[in-house]
Amino acid sequence: MQSIPTAIPDVLILEPRVFSDARGFFYESFNAKAFQEATGLDVQFVQDNHSKSNKGVLRGLHYQIKRPQGKLVRVVQGEVFDVAVDLRKSAKTFGKWVGVHLSAENKKQLWVPEGFAHGFVVLSETAEFLYKTTDYYAPEYERSLLWNDLALEIDWPFKGDPKLAAKDAAAMQLYEAEVFP
């Protein structure tokens, strides 16, 4: 596994070692020892999530203000544009974002640490998205940051309006959102 830094040093792109031949391919999608060696992080994942979404669906930008979740995310079918927004008020990168194309084809993964809002938009006809989390889902602490907040200037790779859940359509802008110290 190779770890590639992003413009926000705590957010990492992970590329697994893929073994391909005429039969297909094989790779370890997660190995705790390899993850720790590649990232320098010793995290324990407690929950796996799997979603399927149609083209144009935007999920996020979600975070938990208490019981924050670190997330290791990947796509097993289709393609998404995945975004992490730094909500740590004390960080030099507060309010900055990183975006990465994740697909079944490129097999890249993204490590989104605690203290970040996370979301993605589906670029293919459908996409299946998997993620491991470092804490359990706690709906009472879940918050949503507005996907098109002008203060964030996220360069989403689509035109028009995405398909949103009601909670994401009613999300907060950065200036009014609860953030991390």
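Bear in mind these aren't lab numbers, they're just calculated from the coordinates by the rules spelled out. Predicted model, so just to flag it, every value in this text is computed and none were measured. Neighbour counts run over all protein chains shown; Cβ positions are idealised from the backbone, glycine included.
Values as computed for the structure displayed
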read-out: Mean-position separation - Cα centroids, the range 1-77 and the range 85-162, in angstrom; value: 12 Å
read-out: Kirkwood-based Rg to Rh ratio, the range 1-153, C-alpha trace; value: 0.95
read-out: Length-normalised contact order of the chain in % [C-alpha pairs under 8 Å, at least 6 apart]; value: 28 percent
read-out: Where a label projected 7 Å from the Cα of ALA7 along Cα→Cβ would reach, residues of the range 88-130 with amide N under 14 Å; value: 93-101
read-out: Inter-label distance, nm, simple model (7 Å from Cα along the C-beta direction), PHE26/ASN54; value: 3.9 nm
read-out: Under 20 Å from the Cα of LYS89 - aspartates and glutamates, other chains or at least 8 residues apart; value: ASP10, GLU114, GLU142, ASP149, GLU153, GLU176, GLU178
read-out: Segment LYS159-THR126, extension gain: residue separation times 0.36 nm, minus the distance between their alpha carbons; value: 10.2 nm
read-out: Hz values of 3J(HN,Hα) by residue in the range 79-91 - Karplus curve (6.51, -1.76, 1.60), Gly and Pro given as x; value: 8, 9, 9, 9, 10, 10, 10, 6, 10, 8, 3, 7, 7
read-out: Listed pairs LYS66/LYS163; LYS33/LYS71; LYS52/LYS132; LYS33/LYS132; LYS92/LYS167; LYS52/LYS107 exceeding 19 Å between Cα atoms; value: LYS66/LYS163; LYS92/LYS167
read-out: Percent of alpha-carbon pairs separated by more than 22 Å within the range 85-181; value: 34 percent
read-out: Hydrodynamic radius by Kirkwood, which averages 1/r over all alpha carbon pairs of the range 1-70, in angstrom; value: 15.2 Å
